[in-house]
Amino acid sequence: RRQHIMNLTCHLSSIYRLLLASLVLSFALSLSLPSYAEQAIQSQKYDIHYNAFNTMMVTPEVAQAYGFTRARNRALLNVSVIDNVTKKSLPAVVTGTRKNIIGQILPLEFLQIKEQNAIYYIAQLRFTEEEMWRFELQIQPDLNADAIPLKFSQTFFLEQ
């Protein structure tokens, strides 16, 4: 199983590097990933896309431009909200925490990144080899409505 995960990580790493290199050339940051690598939840009005990946998949130029720290033990959590009708990216209030297996709960601090046609919410985090984190997020695209809860777990591996 670990070998399968390592092979998938290596394959995805190549895809991410190629994608991010082309974005740097166009002076735009886009952390949206190929659809098979994304995770999403749907509500009546919104699609919420999310993913987390090692910062080593981000080029040094992109990391420097947006203030991310590239390191083997760092990851980025990426959240975006899409309107179901217009298919446009929407602003939202994104908050949340992460919890490890020994019960430590740490807040997540999200940075909003706006592009011409997209809005992303990015949080940085540290991890150790094969560390699993449980994420509990609240996404609120409409301040007059309840936040949409998002819970998921992910195990992180040090990038080689």
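The values are calculated or read from the model by the stated rules, or taken from the named source; none is laboratory data. No experiment lies behind these values; they were computed from the predicted model shown. Cβ coordinates were reconstructed from backbone atoms using ideal geometry, including for glycine residues, and neighbour counts include every protein chain displayed. Protein only, heavy atoms only, side chains kept; ligands, DNA and RNA dropped before computing areas. Shrake-Rupley method; radii C 1.70, N 1.55, O 1.52, S 1.80 Å.
What the table below lists for this structure:
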quantity: Extended-chain gain in nm, criterion 0.36 nm per residue less alpha-carbon gap, Gln112 and Met132; calculated: 4.7 nm
quantity: Carbon plus sulfur fraction of accessible area for region 29-160, probe 1.4 Å, in percent; calculated: 48
quantity: Proximal lysines to Lys99, defined as alpha-carbon separation beneath 30 angstrom and excluding residues fewer than eight positions away on the same chain; calculated: Lys45, Lys114, Lys151
quantity: Surface accessible to a 1.4 Å probe, Val58 within the full protein complex, Å²; calculated: 0
quantity: Candidate aspartates and glutamates - alpha carbon under 18 Å from Lys87, same-chain residues fewer than 8 apart omitted; calculated: Glu38, Asp47, Glu115, Asp142
quantity: Å² of accessible area per residue within region 57-133, as computed with a 1.4 Å probe and no ligands counted; calculated: 55
quantity: Listed peptides 50-57, 98-105, 65-72 by packing density, highest first (mean Cβ within 10 Å); calculated: 50-57, 65-72, 98-105
quantity: Candidate residues Leu143, Leu106, Leu90: accessible-area rank, largest first, probe 1.4 Å; calculated: Leu143, Leu106, Leu90
